[in-house]
Amino acid sequence: MSTLVSPERVRGGQGRPLLRPWLPRKVAPYVFVLPFVAIFVAFSVYPMLFTLRLSFTDWRGSGAATWVGWDNYAYLLGNDMFWGSLANSAVLWLMIVPVQVVLGLLVAVLLNNAKIRMRSFYRIAFLVPFVTPLVAVAQIWVVVFDQEFGAVNGLLDLVGLPDVGWLTTSAWAKPTLALLFLWKTTGFIVIILLSGLQSIDASVYEAASIDGASRTRQLWSITVPLVRRTLMFSVVLQTLAVFQMFAEPFVVTDGGPYNSTTTAGLHLYEHITRGDLGTGAANSFLLVVVVMGLSLLFVRFLRTED
Amino acid sequence: MTTTHAPTPSGTRSARTRVAATRPPRPSPRGLPAAVGSQAFLLLLALAFLAPVAWALVSAFKPATQIISDPLGLDLTALTLENYRRMFADVPIGQGFLNTAVVLVTKGTITLFCAPLAAYAFAKYRFPGRDLLFGTVLITLMLPTIVLIIPLLLEMKALGWVNTYQALVLPGAVDAFAIFWMRQVIADVPDELLDAARVDGCGEFGIFTRIVLPVIRPALAGLAVLTVMNIYNDFVWPVVAASSERMATLQVVLSTLAQNITGNRVGADYATVTGELLAAASIALVPLLVVFIALQRHFINGILAGSVKG
């Protein structure tokens, strides 16, 4: 936090500044946040408070709303579908985040090595899925992973393996969705991790290799501890993204087959499409509690040695 | 700006060690195979990342029936523009591009001006209400955006804004992540720099435009690319708030077309829709890909400059 020096001290003995500022220092921050606050209050805070109120009513989109207290929350906490959607998100998290962190760190470490050729090509290649519109990507996924006509099963045919119902069997739908998410976002995580790696002073590695530490040893004892905060940032960012994941299953699988890809984010949308707005609102605040809890857990876990 | 407080063990850094900066020295005997292995690993992974997009770009030029019957084959003599021709005839993609462009320019300008300005106030001033306001920003970061859609839609109806540009532009124009990121970046700008400008008689707003903005330019470029990308790719809110044919953005056009693939469009078979869809997807991703490749240095450097400290 920056403590500001009072204007008197800055001006010192030189008297008044040449130009009289038209914006007094005490008022300036309020003017600066004003455009943001106007938009933020009108289109984020107000809907958020509206949703909070909604979560204690049985409103279905029209007519009068009845106050039902904590009923919506109680209903959800005793509902298998709600827990099922959280479990689906948790399984997807397990399929995505650990793989992404390991793969992301590995690629970032390699790209940070000046001996590797074509580094800018790789950076672009890994970010291409990230910048591609999700609607387009999802459609490509649907076509490529189609059981009868898809390119992936075409490849399996070539090597003599049987076709797989990638998006049509509950066993494979989750991994296929996880793969889509990994493919789409890993490039961004690589760049974030690369930013952490580049702030490590080279002399640390130099000292380590003089001491005879192997590269693997250096990765574990130097790189990982020093980019811990960047790793933490990535994990929290992706935890938020995985538990809120909505658009991917919405476009690719619509939650099926047999709800195997109904993520927490998609499940709360289902309340909304059924017109059960109160329950949907309660569901989203429960989701906030889950996500906040997980984030704090990771922050704590990765901060232990600070 | 992303200085770490890494323990500097012994001695000073010479110019020569700076060259070795990005590459930790490796033990020589295993050096060669390891380098080849790394290179091969990266190359295979990169090809896997590019393959689906490349496949879509190429397949869009194949006859629709061949995309289905022979997804991996490529018959150069049979290449055709038929998918594109049909797609242009069936969906208002030109109008989609136009609407996306309007939203991109207006919403992008608002974000790129308001977010750093507010972030500057959060990072460099103390004022009553600051922490409460910033706390609220962090909470909205954690709230699934889907849940705000119903109240927002009711708000749009009350304002008479359904199917208007306002509805596409204003909600989410200054998103929480932009504020969060820019605050992080501006906090790293040394206070001495700002105070020096103040002594020279620079006004508070002048400090922002003449000192802060130029100093954070790399991160700002990163934010610009990210913002363009998010606006261009957004589809959930546009589908809900402005789905009329006149207002449909590119992504709305695309997702409407995608719904046809389930086969509920009269007189359209799976192959035809798939062909049109791949053509539409290609044409939607090419502009962004071009922008990204042209600006990727700024984007990547922006994130490298402005991300969290190691």
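Each reported figure results from applying straightforward, stated rules to the coordinates on display, with no laboratory input. All figures in this text were calculated on a predicted structure; none of them were measured in a lab. All Cβ positions, even for glycine, are placed from backbone atoms using ideal geometry, and neighbour counts span all protein chains on display.
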Quiz item: In a solvent-free Debye calculation with one equal scatterer on each Cα, what is log10 I(q)/I(0) for segment B:123-188 at q = 0.14, 0.16, 0.26 Å⁻¹, listed in the order of the q values?
Solution: -0.56, -0.69, -1.13
Quiz item: Other chains' Cβ within 10 Å of A:119-130 residues: what's the mean?
Solution: 6
Quiz item: Taking the Cα atoms of the protein assembly as shown alone, what are Rg (to one decimal) and Dmax (as a whole number) in Å?
Solution: 26.0, 86
Quiz item: Rounded, prolate or oblate: which one fits segment B:92-202, using the alpha carbon gyration tensor with axes a ≥ b ≥ c (rounded when a/c is under 1.5, else prolate when a/b beats b/c, else oblate)?
Solution: prolate
Quiz prompt | Total lysine pairs whose alpha carbons fall under 29 Å of each other in the protein assembly as shown (8 or more apart, or interchain) | solution = 10
Practice problem: Quote the charge dipole size of segment A:71-303 about the Cα centre in Debye, to the nearest 20; the model charges only the Cβ of Lys and Arg (+1) and of Asp and Glu (-1). | Solution: 1080 debye
Quiz item: Can you list the residues, at least 5 places off or on another chain, whose amide H is less than 5 Å from the amide H of A:THR57, using H built in the peptide plane?
Solution: A:VAL68
Quiz item: Can you pull the mean other chain C-beta count within 10 Å for peptide A:22-32?
Solution: 6
Practice problem: With a cut-off of at most 16 other beta carbons within 10 Å, and DSSP calling the residue loop, which trypsin sites (Lys or Arg not before Pro) in segment A:240-306 qualify? Please list them. | Solution: A:ARG274
Quiz item: Just counting partner chain Cβ atoms within 10 Å, what average do the residues of peptide B:165-176 show around their Cβ?
Solution: 3
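What does the highest-first list of A:64-75, B:202-213 look like by mean Cβ count within 10 Å?
B:202-213, A:64-75
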Practice problem: Taking the Cβ of each residue in B:ASP188, A:ASP211 as the centre, tally the other Cβ atoms inside 10 Å and list the residues starting with the fewest. | Solution: A:ASP211, B:ASP188
Quiz item: Just from the alpha-carbon atoms, what are the Rg and Dmax of segment A:84-184 in angstroms?
Solution: 16.1, 48
Self-check item: Residue exposure sequence - A:SER44, A:SER260, A:SER120 - by fewest surrounding Cβ within 10 Å
Solution: A:SER120, A:SER260, A:SER44
Exercise. Could you pull the Rg and Dmax for segment B:89-306, using just the Cα atoms, both in Å?
Key: 20.6, 74
Exercise. If a/c stays under 1.5 just call it rounded; otherwise compare a/b with b/c (prolate if a/b is bigger, oblate if not). Do that for segment B:29-114, with a ≥ b ≥ c from the square roots of the Cα gyration tensor eigenvalues.
Key: oblate
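How large is Rg over Rh for segment B:144-221, taking Rg from the Cα atoms and Rh as the Kirkwood inverse mean of 1/r across Cα pairs?
Rounded to two decimals, Rg over Rh is 1.19.
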Exercise. Quickly estimate the mean residue ellipticity at 222 nm for chain A, helices only: each DSSP H run with n ≥ 4 gives -39500 (n - 2.57), and the total goes over all residues, rounded to 500.
Key: -21000 deg cm²/dmol
Quiz item: Using alpha carbon coordinates only, what is the Rg to Rh ratio of segment A:151-269, with Rh defined as the Kirkwood radius?
Solution: 1.16
Exercise. Please report Rg over Rh for segment A:71-303, where both radii come from the alpha carbon positions and Rh follows the Kirkwood definition.
Key: 1.04
Quiz item: Do any chymotrypsin sites (Phe, Trp or Tyr not before Pro) in segment A:87-167 lie in a loop, going by DSSP, with at most 15 other beta-carbon atoms within 10 Å of their beta carbon, and if so which?
Solution: none
Quiz item: Taking N as the number of residues in segment A:177-224, what is its alpha-carbon radius of gyration divided by 2.2 N^0.38 Å?
Solution: 1.53
Quiz prompt | Potential lengthening between B:VAL290 and B:LYS157 on full extension [0.36 nm per residue; Cα-Cα distance subtracted] | solution = 44.2 nm
Quiz item: Which FRET efficiency, nearest 0.05, do B:PHE41 and A:ARG60 yield, Cβ-Cβ r, R0 56 Å?
Solution: 0.55
Exercise. For segment A:242-306, state what percent of all Cα-Cα pairs lands in each successive 5 Å bin, counting from 0 Å until the bin that includes the largest distance.
Key: 4, 17, 21, 19, 16, 9, 7, 4, 2, 0
Quiz item: Counting other Cβ atoms within 10 Å of each Cβ, which GluC sites (Glu not before Pro) in segment A:197-306 have at most 10 and sit in a DSSP loop?
Solution: A:GLU305
Self-check item: Mean Cβ count within 10 Å, highest first, over the residues of peptides A:182-192, A:152-162
Solution: A:182-192, A:152-162
